[in-house]
Amino acid sequence: MRILRSRERGYSLAEMLTVVAIIGILALVAVPNFMSMYRSGKLKTSMRQFTNHLRAARQRAVTQSNFVRVSFVDNGRMYYLFESEDQGATWDLIVGDGTNPRYIDETVHFETTGANKFTDSVDDGGFGDLPDIVFDRTGVARVPTGRGEIILKSQFDAADIFRADYTITVRSSGSVSVN
């Protein structure tokens with residue numbers, strides 16, 4: 001049986017510092033990548049939720065035989081769903097599930113500048129003129145002037161590692177696609 005002396009037990013200070021340095025270097029690499037992945041997931045979730053609401057609005061227009069409108073608010077993170085039983089003369093908020101207005105995630109916003117900005121609107125009475133998309137009883141969409149595209153972007157600037165956007169296109173036929 002071998003007897004260990006006190007200087008042979010445990011780890012040296014140099015070994016401990018080496019391990020701490022390796023952990024620090026790994027953290028410097030992993031944390032930014034994790035944050036980028038997290039932000040990307042938030043953007044994808046917002047995009048999917050918003051496109052589902054657009055498709056549900058079109059489906060409601062067809063099944064209820066009413067006009068359904070998706071209206072965007074200037075702050076770039078909020079939109080309303082309206083329904084009209086009299087071909088657009090009056091609009092009522094759709095509150096079937098208790099959530100109107102609807103919000104996209106705080107890390108995401110609708111692009112409100114440039115060529116894709118919605119410039120047309122419908123007067124909806126008490127809510128003012130809001131950019132909007134209107135689905136009629138046959139599912140056909142009336143989209144604002146321009147290209148009929150909605151750009152959903154990350155809120156993070158170019159200094160961040162993550163920078164992405166999705167273009168959601170609503171065609172006059174009523175189809176909704178994501179690029």
- Pairs only if they're at least six apart or on different chains, beta carbon under 6 angstrom, first in region 47-60 and within 13 Å of VAL170 (Cα to Cα) and in contact (Cβ under 8 Å) with a residue 60 or more places away in the chain, second surrounded by 14 or more Cβ atoms within 10 Å (Cβ to Cβ) and not aliphatic (A, V, I, L, M); list them, first residue then second. ALA57/PHE135; ARG58/PHE135; ARG58/GLY139; ARG58/GLY174
- Yes or no: ARG48 modelled with pLDDT of 85 or more and part of a helix (DSSP H, G or I)? yes
- Message: Go through region 1-27 and report how many residues are part of a helix (DSSP H, G or I) and either surrounded by 10 or more Cβ atoms within 10 Å (Cβ to Cβ) or modelled with pLDDT of 85 or more (or both).
- Response: 15
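The values are calculated or read from the model by the stated rules, or taken from the named source; none is laboratory data. In this text, all values refer to a predicted model and were calculated from it rather than measured experimentally. Heads up, the Cβs are rebuilt from the backbone with ideal geometry, glycines too, and the neighbour counts pull from every protein chain shown.
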